[in-house]
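A.B. asks: Just dropping this structure here.
The values are calculated or read from the model by the stated rules, or taken from the named source; none is laboratory data. This is a predicted model, so every value here is computed, not measured. Heads up, the Cβs are rebuilt from the backbone with ideal geometry, glycines too, and the neighbour counts pull from every protein chain shown.
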Amino acid sequence: MNTVATRVGDLLGAIDTPALILDLDAFERNLQKMADFARDAGIRLRPHAKTHRSATIAVRQIELGAIGQCCQKVGEAEALVRGGVRDILVSNQVLDLQKLRRLAGLAKQARISLCFDAVEQVDAASRAAQEFGVELGALVEIDLGMWRCGVPPGEPAAALARHIAVSPGLRFEGLQAYEGKAQHLKTYDERAQAVQVAAQAVQLSIDAIGLAGLECKVIGGGGTGTFMFEGASKLWTELQCGSYVFMDGEYAAIEGNDGAPYAEFEHSLFVLATVMSTAGKGRVIVDAGLKSYTLEKGLPTIEGQPKARLVAASDEHGTIALLSPDADIPLGTRLKLIPSHCDPTVNLHDHYICVRGGRVEAIWPISARGASH
């Protein structure tokens, strides 16, 4: 981990750039809003740590009522357990026996569950659990149209559930039912309809599993774009939202129920950059490029600069076009860039520089950065 060239107490203008900064006021309002929603809806909240990759943030979410965390990788789970999290769902398939042994080892300190879509995964996890003398929670993942992981809904889900139920060291818990493709559908009605269709597949699977004499105590899913639908469904039991803590450009591009830009949560995560060159007419250059944010969902936007737009990025540079003859961004100006996709952007940084009232209040390590195994 790199040395932090910024100290608690520094003003925003003294932060060494490029830096990943977290607006604590907006961040805390986001945490509280989702916690309140889950409590009022009577649904458990298990936020997704693949967004923040931080045990510090995970513990804050749990203090507000979250039951635990989701993660995608074994390394993320290890970082969270080291940081004090005691209930983790690896919402992904794990086949490698060495990785499963690592999870079984963690199960001596925390409640560990994972997802399955093949008997080979089940058999490998059962072997690891027996070797360590532990029990691992098990969810059958169903494919809700993402064309990613998951068995077809209905009888295929029930068949796998039956196999889990007779596998030593595993505890059948229910379904992983994440409607990922619905999260970024443009309109509120489109997202609502997608979750309705997903609910039919979930119910089909619950019914088939019930005929096998098994109970789905957990139905996990939901995300930042659709949480209100899963929360109201009385079908899903756990919400796995992640990006709500930060928001990003991709979520800002969808619409709320009034047709206006999605405003359920506030932007709290930014890449702070400094204007390092104004030599070119009609453009300025900042010191944050591809090593500070990702572009797979588009270029970042610039907070508070309606007459300027980031138009290109290379390794160490970001090119900002000035959209009006009267636009003026002087050399040395600090700009807050809003990432288009928060999850992979976070993974490019070692720390969150946490700011409140224009001053650094805390520096939090991104404890699971690079934990991709």
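A.B. asks: If you take the residues in segment 109-125 that are small (Gly, Ala, Ser) and under 21 Å from Val81 (Cα atoms), which one is surrounded by the fewest Cβ atoms within 10 Å (Cβ to Cβ)? So that I can check it myself, show each step before the final result.
C.D. replies: Residues of segment 109-125 that are small (Gly, Ala, Ser), as a first pass: 110, 113, 118, 124-125.
Within this subset, residues satisfying the condition of being under 21 Å from Val81 (Cα atoms) are 110, 113, 125.
Details: Ala110: 17, Ser113: 26, Ala125: 27.
Per the stated criteria, the residue is Ala110.
A.B. asks: Which number in (1) under 27 Å from the mean Cα position of the chain (by Cα); (2) among the polar types (S, T, N, Q); (3) outside any strand (DSSP E or B) marks the one condition that Ser126 misses?
C.D. replies: (1)
A.B. asks: Let me ask another. Does Val166 qualify as being of a type in the set (Val, Ile, Thr), over 27 Å from Leu80 (Cβ atoms), surrounded by 15 or more Cβ atoms within 10 Å (Cβ to Cβ) and modelled with pLDDT of 95 or more? If you could, list the steps in order and put the result at the bottom.
C.D. replies: Details: of a type in the set (Val, Ile, Thr): yes; over 27 Å from Leu80 (Cβ atoms): yes; surrounded by 15 or more Cβ atoms within 10 Å (Cβ to Cβ): no; modelled with pLDDT of 95 or more: yes.
Answer is no for this residue.
A.B. asks: Where the second residue is among the small types (Gly, Ala, Ser) and the first is without any contact (Cβ under 8 Å) to a residue 24 or more places away in the chain and lies in segment 10-26, which pairs have Cβ atoms under 8 Å and are six or more apart or on separate chains?
C.D. replies: Cβ pairs passing all conditions: Asp16/Ala5.
A.B. asks: Then there is this: Go through Glu190, Glu255 for me and flag whichever is in contact with a strand residue (DSSP E or B) (Cβ under 8 Å, 6 or more places away or on another chain) and farther than 30 Å from Leu12 by Cβ. So that I can check it myself, show each step before the final result.
C.D. replies: On the way: Glu190 fails: in contact with a strand residue (DSSP E or B) (Cβ under 8 Å, 6 or more places away or on another chain).
It is Glu255.
A.B. asks: Can you find, within segment 129-142, the residue that is farthest from Gly154 (Cα to Cα) among those that are part of a helix (DSSP H, G or I) and not aromatic (Phe, Trp, Tyr)?
C.D. replies: Keep residues of segment 129-142 that are part of a helix (DSSP H, G or I), which gives 129-132.
Among the residues that remain, those that are also not aromatic (Phe, Trp, Tyr) are: 129-131.
Details: Ala129: 27, Gln130: 29, Glu131: 32 Å.
Only one residue fits best here, namely Glu131.
A.B. asks: Among all residue pairs at least 6 apart or on different chains, which show Cβ distances below 8 Å where the first residue, located in segment 193-216, is assigned by TED's automatic domain parsing to the domain that holds Ile164 and the second is polar (S, T, N, Q) and part of a loop (DSSP other than H, G, I, E, B)?
C.D. replies: Pairs found: Ala194/Thr226; Val195/Thr226.
A.B. asks: Then there's this: Which ones in segment 322-350 are surrounded by 15 or more Cβ atoms within 10 Å (Cβ to Cβ), farther than 20 Å from Ile363 by Cβ and of a type in the set (A, V, I, L, M)?
C.D. replies: Matches in segment 322-350: Leu322, Ala327, Ile329, Leu335, Ile338.
A.B. asks: Here is a further query. Looking at the structure I just gave you, is Met247 assigned to a loop (DSSP other than H, G, I, E, B), aliphatic (A, V, I, L, M), touching a residue at least 60 places away in the same chain (Cβ under 8 Å) and over 26 Å from Asp117 (Cα atoms)? If you could, list the steps in order and put the result at the bottom.
C.D. replies: Details: assigned to a loop (DSSP other than H, G, I, E, B): yes; aliphatic (A, V, I, L, M): yes; touching a residue at least 60 places away in the same chain (Cβ under 8 Å): yes; over 26 Å from Asp117 (Cα atoms): yes.
When the stated conditions are applied, Met247 passes them.
A.B. asks: Something else about it: Name the single residue, out of those in segment 182-236 being among the basic types (Lys, Arg) and more than 25 Å from Gly68 (Cβ to Cβ), that is surrounded by the fewest Cβ atoms within 10 Å (Cβ to Cβ).
C.D. replies: Here is the first cut: in segment 182-236, the residues among the basic types (Lys, Arg) are 186, 191, 217, 234.
Those left that are additionally more than 25 Å from Gly68 (Cβ to Cβ): 186, 191.
Numbers: Lys186: 11, Arg191: 24.
If we take residues in segment 182-236 being among the basic types (Lys, Arg) and more than 25 Å from Gly68 (Cβ to Cβ), then Lys186 is surrounded by the fewest Cβ atoms within 10 Å (Cβ to Cβ).
A.B. asks: Can you pull out the residues in segment 4-34 that are closer than 15 Å to Thr56 by Cβ, over 20 Å from the mean Cα position of the chain (by Cα) and modelled with pLDDT of 95 or more?
C.D. replies: Residue satisfying the conditions is Val8 alone.
A.B. asks: Between Thr224, Thr294, Thr274, which is in the same structural domain as Gln61 (by TED's automatic domain parsing) and either of a type in the set (S, T, N, Q) or part of a strand (DSSP E or B) (or both)? Spell out the reasoning first.
C.D. replies: Values: Thr294 fails: in the same structural domain as Gln61 (by TED's automatic domain parsing); Thr274 fails: in the same structural domain as Gln61 (by TED's automatic domain parsing).
Only one candidate qualifies: Thr224.
A.B. asks: Going residue by residue through segment 94-104, is there one that turns out to be of a type in the set (Val, Ile, Thr), at pLDDT 95 or above, over 22 Å from Leu175 (Cα atoms) and crowded, with 18+ Cβ neighbours inside 10 Å? Explain how you work it out, then say what you get.
C.D. replies: Going residue by residue through segment 94-104, those that are of a type in the set (Val, Ile, Thr) are 94.
Now drop any that are not at pLDDT 95 or above, which leaves 94.
Next, from what is left, pick out any that are over 22 Å from Leu175 (Cα atoms): none.
No.
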